[in-house]
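J.: Supplied in structure tokens, the structure appears directly below.
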Amino acid sequence: MALVSRITGTGSALPAQRMPNADLVAMLAQRGLDSSDDWIVDRTGIRNRYFVGPDEQTSDLALRACVAALEAASCKASDIDLIIVATSTPDMVFPSTATILQHKLTLAAQAKGEPGAAGGVAFDVQAVCSGFVYALTVADALLRTGTARRALVVGAEVFSRLLDFNDRTTCVLFGDGAGAVVLEACEHSGDGPAILATDIHADGQYTGILCVPGHVRGGQVVGDPLLRMDGQAVFKLAVGVLESTARAVLAKAALTESDVDWLVPHQANIRIMQGTARKLRLGMDKVVVTVDQHGNTSAASIPLALDCAVRDGRVRPGQVVLMEGVGGGFTWGSVLVRM
Ligand code: UT7
């Protein structure tokens, strides 16, 4: 019988430090930059974001999200044979944050007298804000071919480390966080829970509109190590590709917009989400929105939003959820899931 993959647990984590618009606006004012809560809310929908402290790494946020997801799935670290971390803010240049996370999961399990997760597959996926959708697509493929049985698929970011706090056009948009799902292979069973279809794309001609151009060479950071963005170019491209990938993934699953119970889009800007929902003829009451509370957490934003909606009871078993991401690269894609 054919294998499919299904989500059996979700989890998320945020750093302790809340940064409401008022605090950020005050910080910008100290640098001589003018902004306001009204401007940020009106143009983006963001009211708050969270920033990590100096000793907190991407893998720390990822660990907390994974522990919550494992608990929700009634699994242990030793049940996991595949870890994929979507991130553009890895702990180190190498090894992957996924391998660091695997070891932290092992240490946490051993502290409880349980076996760890060593020996499974672990790697990172770098597709910026589309990273979680890319990672879920890769994990689904590996589970359906029997390469792995049970995966942790994680989006985790510390974007605050890439922000230029002298650039008001970008630093108000992003925050830190992590989200994770446990994905399990199971035999296909009619209308049972499963990833129904996936659809991912990239177009490298748009590298320059959203990037961190610097790199490490000979012990030095060469070039600009901070996030640079042409916001309007990103906005225009995003609205177009989010509609096309949503239609493509629905067509692959032989479903239509009316079959979608929840749209869980990348949380970049409320106006992009409203535009996408309008094009898909979905009411905003079917869109999970967390950008107001978390800001844009890049690869973490979709699993963070999904976990919030699962835990507050909006997303329920049997419902059809359309997740879609868009970001630097330019990359975009979607995953259609029956929960
Ligand atoms: O994961 C994908 C990541 N990126 C995105 O999704 C970004 C997509 N783009 C956007 O969300 C929007 O383009 C922004 C929110 C970045 C900007 O909104 P906008 O409506 O495109 O504004 P704008 O760039 O046209 O700027 C309008 C004005 C400008 O002033 P002038 O030139 O009209 O005098 C900006 O300098 O707003 C000014 N401005 C600000 N004012 C107060 C820019 N940033 C700020 C700020 N506070 N923080």
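The values are calculated or read from the model by the stated rules, or taken from the named source; none is laboratory data. Computed from a prediction, not measured in an experiment: that's the story for all the values here. Virtual Cβ from ideal backbone geometry, glycine too; neighbours counted across all protein chains shown.
J.: Please go through region 42-76 and pick out each residue that is within 16 Å of the ligand (Cβ to nearest atom) and either of a type in the set (S, T, N, Q) or surrounded by fewer than 24 Cβ atoms within 10 Å (Cβ to Cβ) (or both).
T.: Asp42, Arg43, Thr44, Gly45, Arg47, Asn48
J.: Pick out the one residue from Ser244, Ser301 that is assigned by TED's automatic domain parsing to the domain that holds Val212 and within 19 Å of Ile7 (Cα to Cα).
T.: Exactly one residue qualifies, and that residue is Ser301.
J.: Being in a loop (DSSP other than H, G, I, E, B) and outside the structural domain of Asp292 (by TED's automatic domain parsing) is true for just one of Ala141, Ala109, Ala118, Ala151. Which residue is that?
T.: After applying the criteria, what remains is Ala118.
J.: Which one of Ala305, Ala251, Ala309 is assigned to a helix (DSSP H, G or I) and crowded, with 24+ Cβ neighbours inside 10 Å?
T.: Result: Ala305 is the single residue among Ala305, Ala251, Ala309 that is assigned to a helix (DSSP H, G or I) and crowded, with 24+ Cβ neighbours inside 10 Å.
J.: Is region 83-97 home to any residue that is in the same structural domain as Asp23 (by TED's automatic domain parsing), touching a strand residue (DSSP E or B) at 6+ places or on another chain (Cβ under 6 Å) and among the acidic types (Asp, Glu)?
T.: no
J.: So which residues in region 255-289 are of a type in the set (Gly, Ala, Ser) and closer than 16 Å to Gly325 by Cα, if there are any at all?
T.: Result: Ala268, Gly275, Ala277.
J.: Looking only at region 282-298, decide whether some residue is crowded, with 24+ Cβ neighbours inside 10 Å, among the small types (Gly, Ala, Ser), assigned by TED's automatic domain parsing to the domain that holds Ser334 and within 11 Å of the ligand (Cβ to nearest atom).
T.: yes
J.: Test of understanding: among Ala26, Ala22, which residue is touching a residue at least 12 places away in the same chain (Cβ under 8 Å), farther than 19 Å from Ala108 by Cα and of a type in the set (A, V, I, L, M)?
T.: Going through Ala26, Ala22 in turn, just one is touching a residue at least 12 places away in the same chain (Cβ under 8 Å), farther than 19 Å from Ala108 by Cα and of a type in the set (A, V, I, L, M): Ala22.
J.: Can you tell me which residues in region 209-223 are surrounded by fewer than 13 Cβ atoms within 10 Å (Cβ to Cβ) and either in contact with a helix residue (DSSP H, G or I) (Cβ under 6 Å, 6 or more places away or on another chain) or assigned to a loop (DSSP other than H, G, I, E, B) (or both)?
T.: Scanning region 209-223 gives Gly218, Gly219, Gly223.
J.: Restricting to region 85-105, give me the number of residues that are of a type in the set (A, V, I, L, M, F, W, C) and part of a loop (DSSP other than H, G, I, E, B).
T.: 3
J.: Pull out all pairs, ordered by first then second residue, where Cβ-Cβ is under 8 Å, the residues are six or more apart or on different chains, the first lies in region 225-239 and is more than 15 Å from Gln205 (Cα to Cα) and in the same structural domain as Val212 (by TED's automatic domain parsing), and the second is among the β-branched types (Val, Ile, Thr) and within 9 Å of the ligand (Cβ to nearest atom).
T.: Filtered contacts from region 225-239: Leu227/Thr170; Arg228/Thr170; Gly231/Thr169; Gly231/Thr170; Phe235/Ile272; Val239/Ile272.
J.: When both residues are 6+ apart or on different chains and their Cβ atoms are under 8 Å apart, which pairs have a first residue that lies in region 136-159 and is within 19 Å of Leu322 (Cβ to Cβ), and a second that is at pLDDT below 95 and in a strand (DSSP E or B)?
T.: That search, which allows pairs on different chains as well, returns nothing.
J.: Further, regarding this structure: Does Thr169 satisfy being within 16 Å of the ligand (Cβ to nearest atom), touching a residue at least 24 places away in the same chain (Cβ under 8 Å) and β-branched (Val, Ile, Thr)?
T.: Taking the combined requirement at face value, the residue satisfies it.
J.: Out of all the residues in region 239-246, is one or more touching an Asp or Glu at 6+ places or on another chain (Cβ under 6 Å) and assigned to a strand (DSSP E or B)?
T.: No: region 239-246 contains no residue that is touching an Asp or Glu at 6+ places or on another chain (Cβ under 6 Å) and assigned to a strand (DSSP E or B).
J.: Any chance region 191-208 includes a residue that's closer than 30 Å to Val41 by Cβ, at pLDDT 95 or above, out of contact with any Ser or Thr (no Cβ under 9 Å at 6 or more places or on another chain) and within 16 Å of the ligand (Cβ to nearest atom)?
T.: yes
J.: Can you tell me which of Arg64, Arg6, Arg31, Arg49 is over 27 Å from Asp312 (Cα atoms), in contact (Cβ under 8 Å) with a residue 60 or more places away in the chain and of a type in the set (Lys, Arg)?
T.: Only one candidate passes the filter, namely Arg31.
J.: Continuing with this model, one more query. Among the residues of region 224-236 satisfying the criterion of being within 12 Å of the ligand (Cβ to nearest atom) and assigned to a loop (DSSP other than H, G, I, E, B), which is farthest from the chain's Cα centre (by Cα)?
T.: For region 224-236, the residue satisfying everything is Asp230.
J.: Can you find a residue in region 82-91 that is surrounded by fewer than 19 Cβ atoms within 10 Å (Cβ to Cβ), in contact (Cβ under 8 Å) with a residue 12 or more places away in the chain and not aromatic (Phe, Trp, Tyr)?
T.: No, there is no match, as no residue in region 82-91 is surrounded by fewer than 19 Cβ atoms within 10 Å (Cβ to Cβ), in contact (Cβ under 8 Å) with a residue 12 or more places away in the chain and not aromatic (Phe, Trp, Tyr).
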